[in-house]
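> Below: one structure in structure tokens.
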Amino acid sequence: MERFGEWVGVDRHGFVAELVMDRPKAMNAVSTAMADGLAQACAALAADGSVRAVVVSSTHARAFCVGADLKERNSFSDADLRRQRPRTRAAYTGVLDLPMPTIAAVHGFALGGGFELALACDLIVADGTAVVGLPEVSVGVIPGGGGTQLLPRRVGAARAAELVFTARRVPAEEAARLGLVDELVADGEDRTAALALAARIARNSPVGLRAAKRAMRLGHGLDLRAGLELEDGAWRSVAFSGDRAEGVAAFNEKRDPEWPGE
């Protein structure tokens, strides 16, 4: 496993990369150092053309991530907090801006910034132990890792408002019912299921995957006509690629494609 600081690692499974949070003594609470590690790992993954899908996972048995390191925050002056803010934002936007499909493998607690890291992914696979929520208003702040923007896009404005304003924790079955997670699996199977889904995704064209993600992300919120123009631009970016030529040839020759990734 390649390390990015003390608490973040990247493991490779063929064309799938696993971004691993590994701060077990703090249930993966995001300290400044851990935020730096996440940002650095994401920058390396974004620049790696051989990565077709990413799984974000945790080594802690009872938590995906419990959010900000409030013990560290308690020692901060106002000036310290202002200086930390760009470094924390870089961690969350690093995950959000990954150009390839991303899947969060969630078990146990995914609260505050921890749930925001999951929300920054394209898909969330959770097991029956998962408990998710954005409880920031209960400690006098607001979700600041993308939660106020990502949650409404996932479940709608009114549902997101109820969850943010009440600061309540949502157990796995309700989370699946509300659309807070996308797939609910047996206890202990979140990582295995997420890696299997990522491997299935990674069989497809890396050029196509990145272009499709870009079109969906940038098109969200546009009116239909503008969105279709954006989609056309994304189509043109792949229509004359090596991946498109290989995909068509492989289909006609009844074989698996060998994607050039360009």
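> Among R168, R191, which is the only one that is modelled with pLDDT of 95 or more, part of a loop (DSSP other than H, G, I, E, B) and either over 30 Å from P260 (Cα atoms) or not aromatic (F, W, Y) (or both)? Talk me through it step by step, then tell me what you get.
Numbers: R191 fails: part of a loop (DSSP other than H, G, I, E, B).
Checking each option against the conditions leaves just R168.
> Please determine whether any residue of region 20-35 is more than 25 Å from W259 (Cα to Cα), among the aliphatic types (A, V, I, L, M), without any contact (Cβ under 8 Å) to a residue 40 or more places away in the chain and crowded, with 20+ Cβ neighbours inside 10 Å. Give the derivation first.
From region 20-35, those more than 25 Å from W259 (Cα to Cα) are 20-35; that's our starting set.
Imposing the further condition that a residue be among the aliphatic types (A, V, I, L, M) reduces the set to 20-21, 26-27, 29-30, 33-35.
Now drop any that are not without any contact (Cβ under 8 Å) to a residue 40 or more places away in the chain, which leaves 20, 33.
If we keep only those that are crowded, with 20+ Cβ neighbours inside 10 Å as well, we get 20.
Within region 20-35 (the criterion being more than 25 Å from W259 (Cα to Cα), among the aliphatic types (A, V, I, L, M), without any contact (Cβ under 8 Å) to a residue 40 or more places away in the chain and crowded, with 20+ Cβ neighbours inside 10 Å), the answer is yes, since at least one residue qualifies.
> I've got another one for you. Within region 208-221, identify whether any single residue is under 30 Å from R244 (Cβ atoms), open to solvent by 70 Å² or more (accessible area, probe 1.4 Å), at pLDDT below 95 and over 18 Å from the mean Cα position of the chain (by Cα), and answer yes or no.
yes
> Here's a follow-up. Does any residue of region 72-81 turn out to be open to solvent by less than 30 Å² (accessible area, probe 1.4 Å), of a type outside the set (F, W, Y) and touching a residue at least 40 places away in the same chain (Cβ under 8 Å)?
The initial filter retains those residues of region 72-81 that are open to solvent by less than 30 Å² (accessible area, probe 1.4 Å), namely none.
Within region 72-81, none of the residues are open to solvent by less than 30 Å² (accessible area, probe 1.4 Å), of a type outside the set (F, W, Y) and touching a residue at least 40 places away in the same chain (Cβ under 8 Å).
> Next up: Of everything in region 167-207, what is open to solvent by 70 Å² or more (accessible area, probe 1.4 Å) and touching a Ser or Thr at 6+ places or on another chain (Cβ under 9 Å)? Give them in sequence order.
Step one: filter region 167-207 for residues open to solvent by 70 Å² or more (accessible area, probe 1.4 Å), giving 169, 173, 177, 182-184, 187, 189, 191-192, 200, 203-204.
Of everything in region 167-207, those that are open to solvent by 70 Å² or more (accessible area, probe 1.4 Å) and touching a Ser or Thr at 6+ places or on another chain (Cβ under 9 Å) turn out to be D187, R191.
> Taking region 126-144 only, how many residues are open to solvent by 10 Å² or more (accessible area, probe 1.4 Å) and either in contact with an Asp or Glu (Cβ under 9 Å, 6 or more places away or on another chain) or on the phi < 0 side of the Ramachandran plot (or both)?
Selection size over region 126-144: 11.
> Could you please find all residues in region 39-73 being within 26 Å of S138 (Cα to Cα), under 15 Å from the mean Cα position of the chain (by Cα) and not in a loop (DSSP other than H, G, I, E, B)?
S58, F64, C65
> Which of the residues belonging to region 59-71 are closer than 13 Å to A26 by Cβ and surrounded by fewer than 17 Cβ atoms within 10 Å (Cβ to Cβ)?
T59, R62, L70, K71
> Still on this structure: In region 1-19, how many residues are outside any loop (DSSP other than H, G, I, E, B) and under 30 Å from E258 (Cβ atoms)?
So the first thing to find is which residues in region 1-19 are outside any loop (DSSP other than H, G, I, E, B), and the list is 2-3, 8-13, 16-19.
Applying the additional criterion that residues be under 30 Å from E258 (Cβ atoms) yields 2, 9-13, 16-19.
Number of matching residues: 10.
> Exactly one condition in (1) surrounded by 14 or more Cβ atoms within 10 Å (Cβ to Cβ); (2) assigned to a helix (DSSP H, G or I) is false for A226; which is it?
(1)
> Of all residues in region 151-160, which are in a helix (DSSP H, G or I) and exposed (fewer than 14 other Cβ atoms within 10 Å of the Cβ)? First the steps, then the outcome.
Here is the first cut: in region 151-160, the residues in a helix (DSSP H, G or I) are 151-155, 157-160.
Once the filter is applied, which keeps residues that are in a helix (DSSP H, G or I) and exposed (fewer than 14 other Cβ atoms within 10 Å of the Cβ), region 151-160 yields R153, A157, A158.
> Then there is this: Any residue at all in region 179-187 that's in a helix (DSSP H, G or I) and of a type outside the set (S, T, N, Q)?
Applying the first criterion (in a helix (DSSP H, G or I)) to region 179-187 yields none.
Checking region 179-187: not a single residue is in a helix (DSSP H, G or I) and of a type outside the set (S, T, N, Q).
The values are calculated or read from the model by the stated rules, or taken from the named source; none is laboratory data. All figures in this text were calculated on a predicted structure; none of them were measured in a lab. For neighbour counting, all protein chains shown are included, and Cβ atoms are generated from backbone atoms with ideal geometry for every residue, glycine included. Heavy atoms of the whole protein, side chains included, go into the accessibility calculation; ligands, DNA and RNA do not. Shrake-Rupley method; radii C 1.70, N 1.55, O 1.52, S 1.80 Å.
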